[in-house]
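Written below as structure tokens is the structure these notes are about.
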Amino acid sequence: MNQSQDESARGSSTGPWEREALSRLATAALAEQRRSRRWGILFKSLALLYAFTLLFLFLNVEPLIGREESAAPHAALVDIDGVIMRGSDADADRVATGMRRAFEDPNTRAVILRVNSPGGSPVQSGMIYREIKRLREKHPDIPVYAVAGDVMASGAYYIAAAADEIYVDPASIVGSIGVIFGGFGFDEAIERLGIERRVYTSGENKALLDPFLPEDEAQVAHMRGLIDEVHQQFMDAVREGRGDRLNGDEEELFSGLVWTGTGAIERGLADDIGSTGQVAREVVGVDNIREFTARRPFFERLTERMGAGIASGLSEHIAPGFR
């Protein structure tokens, strides 16, 4: 028997039942693959849902239905955390929103500002300061207490000066009552490199304090006057808020120096040692603390945290020796 006859004989030996069995096996395999894909999609969806739930809780998202009034008397807590600037957690509009909510709640017995900030914009700080003063006048029966965290400096202390009393930790950094404006001078550097500076303005002072040009005495004097004016506003706010509690040489107090919480108490910049819980219990006389801090939108904070996480991961992999 030749090869073609042998293959024909083997083919003819495959009966209908074998073809049916092969078809069933193929159908079963396809069904199993579909089931595996469905389970894979389900598990991936659950994993994503779990991850977003964790992020939701981690970012302390406010309830979507809004805040309900508390039935019990409470101390209203408003955070001033981080650099005080437009768009930050310590944005003036955001802090003012939390303050208004706190004062308008009928069960608020006092407002506690929990401050942990190195300062920031004098404009934003001044706006918050004036809003606190306005709300205190509108609600004279609700006192305001400022409680320092790690830092209550510069613009953060400007805000705290509007409170009835200021409480600190012994190790808190307090003060920095001053104004700063900084820059660089590259005029000699570009001259040595043979670089020619070309600037065209429609006003002689439009290129004010250009770092690539030599200092102009008149412009420097103008900026010093501007800084002194803002500093005077800061000092007036502290004098108004602290009054005769200030103890010490004002030239030193308003020089931009910082002190520990203990040193701040000695100089009248703070009143006593105390945490948020202590102030609520021992000063306000309530155990219930309710937060009124206005948070940034969820997805804004989510993208910021994700960006920070990605940057941190890249720094660990790219430059592990520079930490």
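The residue pairs whose first member lies in the range 165-194 and is loosely packed, with under 13 Cβ neighbours inside 10 Å, whose second member is in a loop (DSSP other than H, G, I, E, B), and whose beta carbons are closer than 7 Å, counting only pairs six or more residues apart or on different chains, are 183/209; 183/211; 184/211.
Here's the yes/no breakdown for (1) outside any helix (DSSP H, G or I); (2) in contact with a Ser or Thr (Cβ under 8 Å, 6 or more places away or on another chain); (3) at pLDDT 75 or above:
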residue	(1), (2), (3)
65	yes, no, no
68	yes, no, no
71	yes, no, no
87	yes, no, yes
96	no, no, yes
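Here residue 191 meets each of (1) more than 30 Å from residue 129 (Cα to Cα); (2) modelled with pLDDT of 85 or more with one exception, condition (2). Residue count for the range 248-285 satisfying the condition of being hydrophobic (A, V, I, L, M, F, W, C) and free of Cβ contacts under 8 Å to residues at least 60 places away in the same chain: 0.
Inside the range 154-187, residues that are within 19 Å of residue 256 (Cα to Cα) and either part of a helix (DSSP H, G or I) or acidic (Asp, Glu) (or both) make up a count of 6. The residues listed here are 151, 220, 230, 238; of these, the one that is touching a Pro at 6+ places or on another chain (Cβ under 6 Å) and part of a helix (DSSP H, G or I) is 230.
Going residue by residue through the range 305-315, is there one that turns out to be among the β-branched types (Val, Ile, Thr), out of contact with any Pro (no Cβ under 6 Å at 6 or more places or on another chain) and modelled with pLDDT under 95? Yes, the conditions are met somewhere in the range 305-315.
Quick test for you: out of 276, 201, 262, pick the one residue that is polar (S, T, N, Q) and surrounded by fewer than 11 Cβ atoms within 10 Å (Cβ to Cβ). Every option except 201 fails the conditions.
Residues that are among the aliphatic types (A, V, I, L, M), in contact (Cβ under 8 Å) with a residue 24 or more places away in the chain, part of a strand (DSSP E or B) and closer than 24 Å to residue 287 by Cα: does the range 123-143 have at least one? Within the range 123-143, none of the residues are among the aliphatic types (A, V, I, L, M), in contact (Cβ under 8 Å) with a residue 24 or more places away in the chain, part of a strand (DSSP E or B) and closer than 24 Å to residue 287 by Cα.
The values are calculated or read from the model by the stated rules, or taken from the named source; none is laboratory data. This is a predicted model, so every value here is computed, not measured. Note that we place each Cβ from the backbone using ideal geometry, even for glycine, and neighbour counts take in every protein chain shown.
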